[in-house]
Amino acid sequence: MGTEEEAPRPGSLAGAGVWPRSGRQAAYLRAALHQRASRRATGGETTSARVGPVTFDDLVAEHLHPYRPGTRKAKIKQLRSWVRFCQAAGVPPLEATPTLIEDWINSMVATGVAIGTQSVSLSTLRIFYAWCARRGYVEDSPAKWVRVVGRSKRSSLEQLGASEVSVMLEAAEKLSPEAHLVFCFYALNGLRSSEALTARVEHLSERDGRTILLLPDRKFGHSDHIALPGRTVKAWGTVVGDKASGPVFKGKLSFLRMWVLRTCRQLEEVTGIPHITPRILRASFATIALDHGASERDVSVSLGHAGTRSLAPYDRGWRSVHRNVSGVVAGVVEAQK
């Protein structure tokens, strides 16, 4: 760890993941950025000798500072890919054009990058350039009118049915109490890995006859409460016992993720069910709920989604096809004969 005055190397986006390292340094950088924006807007000069040229790294560091470390790391990876493309084209990132961004997207298509990754990368770029435009570092966002790659309305994930989930949970219970609990979190509550593996004992409570678990740090930085079904509560009691506080699963998050992946491979071997992963179990949770009459709003809330639009890819049971109103219209028309 460097001193407070240390700054990341020019041209290195890796520094944006840990810098600014303090509130004081963040405040100084913010003041420097605002002064430079004011100077650009008025065409004048500043008398402050401390404010030097603001590099692209400075902008990235300030832009990503409010994000959580995991989100920051992902966005740095996407911006690093963009910077490398700009360097290869000989164009500074702040002088990029919509055509250059489209060429970047086309290069990802040519190399077989998944549609979802293309969409997320472009979204990150649009947010960053919109932020720069609001602060006067670019006249307008070059990514504003670039077409966002749309995702398919059908998920390509090989999701599990209810009977397969039941078999998988029985196998997990035989492996270990911890495996049973974490896979109950995935399959019966639809939790993300980060939510399941960071659960804490003191966050469990009783309310209105239901067992409630607090999720203090869901996506978008929101806290939430979820009701645990009976099987999950029983598995929780087996793992936690008389413990009153602390993490449910011991170990660093990275090690726990590796343990989960190893357990997935074990479950695939034992059950003969392919493609068991936390992501697929979460998708299976959504699909089973929708296919058995749960409302889209309730499923979205359970998953921690910002809205119901994110549920479209989980329509593996062709629920929207079965509910199509064409039959209603045809019946009305035929009745007029």
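What a 1.4 Å probe finds exposed on region 170-310 is 53% carbon and sulfur by accessible area, rounded to a whole percent.
Sorted by packing (mean other beta-carbon atoms within 10 Å per residue), highest first, where do 261-270, 85-94 land? Mind dumping the intermediate values first?
On the way: 261-270: 15.5, 85-94: 13.7.
Going by the mean number of other Cβ atoms within 10 Å, highest first, we get 261-270, 85-94.
Applying 0.36 nm per residue to the separation of Lys73 and Ser119 and subtracting their alpha-carbon distance, the gain on full extension is 14.8 nm.
Full extension from Ser166 to Leu214: what is 0.36 nm times the residue separation minus their Cα-Cα distance, to one decimal in nm? Walk me through the intermediate numbers first.
On the way: separation 48, 0.36 × 48 = 17.28 nm, distance 2.54 nm.
Going from the current span to full extension adds 14.7 nm.
Applying the Karplus relation 6.51 cos²θ - 1.76 cosθ + 1.60 with θ = phi - 60° to region 197-209 yields 3J(HN,Hα) values of 7, 9, 4, 10, 4, 5, 8, 8, 8, 10, 8, 6, x Hz, where x marks Gly and Pro. Each residue of region 92-97 is assigned a 3J(HN,Hα), and the resulting list reads x, x, 7, 10, 5, 10 Hz, derived from the Karplus form 6.51 cos²θ - 1.76 cosθ + 1.60 (θ = phi - 60°), x at Gly and Pro. With the simple model of a label 7 Å out from the Cα in the direction of the Cβ, Ser205 to Arg84 spans 4.7 nm. Under 5 Å between amide hydrogens, built in the peptide plane, is the criterion, and for Thr211 it picks out Leu228 among residues at least 5 positions away or on other chains.
Arrange the peptides 68-74, 280-286 so that the one whose residues have, on average, the most other Cβ atoms within 10 Å appears first.
Values: 68-74: 13.4, 280-286: 23.4.
Order by mean packing, descending: 280-286, 68-74.
Place a point 7 Å from Cα of Ser176 in the direction of its Cβ. Which residues in region 243-267 have their backbone N less than 15 Å from it? Within reach of a label on Ser176: 248-267.
Here region 182-284 is treated with +1 on each Lys and Arg Cβ and -1 on each Asp and Glu Cβ, and its dipole about the Cα centre works out to around 260 debye. The Rg/Rh ratio for region 79-140 is 0.97, where Rg is the radius of gyration of the alpha carbons and Rh is the Kirkwood radius.
Remark on Arg200: its backbone amide H falls under 5 Å from those of Val248, a criterion applied only to residues 5 or more positions apart or on other chains, H modelled at 1.01 Å from N.
Convex hull volume of the Cα atoms of region 186-264, normalised per residue: 105 Å³.
Charge dipole of region 111-269 (Cα centre as origin; +1 on each Lys and Arg Cβ, -1 on each Asp and Glu Cβ, all else neutral): 580 debye, rounded to the nearest 20.
The values are calculated or read from the model by the stated rules, or taken from the named source; none is laboratory data. The shown structure was predicted, so the numbers you read here are calculated from the model rather than taken from an experiment. Using ideal geometry, Cβ is built from the backbone for each residue, glycine included, and neighbour counts are taken over all protein chains shown. Only protein heavy atoms, including side chains, enter the accessible area calculation; ligands, DNA and RNA are left aside. Shrake-Rupley method; radii C 1.70, N 1.55, O 1.52, S 1.80 Å.
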